[in-house]
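Below you'll find the structure, written out as structure tokens, and then a few comments.
The values are calculated or read from the model by the stated rules, or taken from the named source; none is laboratory data. Everything quoted here is computed from the prediction, not taken from an experiment. Glycine gets a Cβ as well: all are built from the backbone with ideal geometry, and neighbour counts include every protein chain shown.
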Amino acid sequence: MASSSSSVPVIDLEEVAWESQKRQKLIIEACEEWGCFRIINHGISAALMQEMKSVVRALLDLPIEIKRRNSEVIAGSGYVPPSIKNPLYEGFGLYDFASTQAVATFCTQLHASPHQRDTIMRYSQAVHRLTMEIGSMISESMGVASNLFAEWPCQFRINKYSFTAETVGSPGVQIHTDSGFLTILQDDENVGGLEVMDKKSGEFVPIDPMPGALLVNLGDIATLWSNGRFYNVKHRVQCKEAGTRVSIAAFLLGPKEAAVEAPPELVAAEHRRLYVPITFEDYRKLRLSTGFRAGEALSLLSSSASSR
Ligand code: OGA
Ligand code: NI
């Protein structure tokens, strides 16, 4: 349960399963102070995590013509090849992993074997269940109904960073915030490089590999929804050592159609509403059109821009 000033909190979900007050306190503190936390004993078996990792590694080794068949459903949700701007990076996308149909399409496009398909299906279901559970824990901790996220689309990004001795010091992914509500990341079990920004000092803190653990981080929609209480953690990936780094990010984005806004429980006279309501789709477009990738787009939604 370490929660020192220099490392992100680790929450043991089994340990706090029957202690709702303790759980709520730990979750609120982590969401407010760090915008991220590690979870252990989260119910996804180490075997399934490893199996999924080896499946996506194999898919990432496919010829590029096949990888390109991972087509996008919403902008940026498909295969991203290495580019001049980002030569060390490539990735797959899967929108929306809560849908069996969407997962099946992804598998078919990549010619996944029956075994690979089965692993991807089981992992998607397990991560979706966990995403809903963590979402409920967070909203309950804030005294808000816990079934808010059931229909929200979820997206996988499967990231591969081809790090070599020559690229040490180069960026894998530039500083950004995640745009959605929360992300559950299975990072690489061996190759580090992920760093989160400490809210107070503005310094980067490494997220070192911790096999079996997952990282939960909060995105811009969580800050909007919490009326500014939650920190949308800035993070990046830097090449620090040679080796292929593979991570699987599961994003809980935002409502499909409804606008996101802080629920009434989180708005009061002394906590006036900070942001105007916006649909996730419009928020995503705003990030794309402004090029603001590190949470700055939220300030454009300030509900009293003149007082800022
Ligand atoms: C992301 C992300 C971190 C990583 O996909 O948004 O921040 O470790 N990934 O790959
Ligand atoms: Ni991210």
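Structure notes:
- Residue within region 248-266 that is over 23 Å from Gly93 (Cα atoms) and touching a His at 6+ places or on another chain (Cβ under 9 Å) present: yes
- Residue count, region 250-267 (criterion: out of contact with any Gly (no Cβ under 9 Å at 6 or more places or on another chain), in a strand (DSSP E or B) and touching a residue at least 60 places away in the same chain (Cβ under 8 Å)): 1
- Qualifying residue in region 131-154 (condition: outside any helix (DSSP H, G or I), modelled with pLDDT of 95 or more and under 16 Å from Ile44 (Cβ atoms)): yes
- Check on Ile44, within 30 Å of Glu14 (Cα to Cα), touching a residue at least 40 places away in the same chain (Cβ under 8 Å) and part of a loop (DSSP other than H, G, I, E, B): yes
- Tally, over region 170-196, of residues that are in a loop (DSSP other than H, G, I, E, B), within 8 Å of ligand 1 (Cβ to nearest atom) and within 23 Å of Gly243 (Cβ to Cβ): 3
- Selection from region 243-255 of residues that are out of contact with any Pro (no Cβ under 6 Å at 6 or more places or on another chain) and not aromatic (Phe, Trp, Tyr): Gly243, Thr244, Arg245, Val246, Ser247, Ile248, Ala249, Ala250, Leu252, Gly254, Pro255
- The lone exception for Leu62 - which of (1) surrounded by 13 or more Cβ atoms within 10 Å (Cβ to Cβ); (2) at pLDDT 95 or above; (3) in contact with a strand residue (DSSP E or B) (Cβ under 9 Å, 6 or more places away or on another chain); (4) in a loop (DSSP other than H, G, I, E, B) it fails: (3)
- Taking the numbered list (1) more than 30 Å from Gln21 (Cβ to Cβ); (2) outside any helix (DSSP H, G or I) in turn, Met121 passes all entries but (2).
- Scanning region 235-254 for residues that are under 25 Å from Phe97 (Cβ atoms) and either touching a Ser or Thr at 6+ places or on another chain (Cβ under 7 Å) or of a type in the set (Val, Ile, Thr) (or both) yields Val237, Thr244, Val246, Ile248, Ala249, Ala250, Phe251, Leu252.
- Qualifying residues in region 157-196 (those that are of a type in the set (D, E, K, R) and near ligand 2 (Cβ under 10 Å from one of its atoms)) - the one surrounded by the fewest Cβ atoms within 10 Å (Cβ to Cβ): Arg157
- Region 228-249, subset more than 17 Å from Val196 (Cα to Cα) and either assigned to a helix (DSSP H, G or I) or among the hydrophobic types (A, V, I, L, M, F, W, C) (or both), residue farthest from ligand 2 (Cβ to nearest atom): Ala242
- Of all residues in region 197-224 being aliphatic (A, V, I, L, M), part of a helix (DSSP H, G or I) and within 14 Å of ligand 2 (Cβ to nearest atom), the one that is nearest to Ile44 (Cα to Cα): Ala222
- Leu300 being among the hydrophobic types (A, V, I, L, M, F, W, C) and within 19 Å of Ile184 (Cα to Cα): no
- In region 201-217, of all residues being away from ligand 1 (no atom under 11 Å from the Cβ) and touching a residue at least 40 places away in the same chain (Cβ under 8 Å), the one that is surrounded by the fewest Cβ atoms within 10 Å (Cβ to Cβ) corresponds to Pro211.
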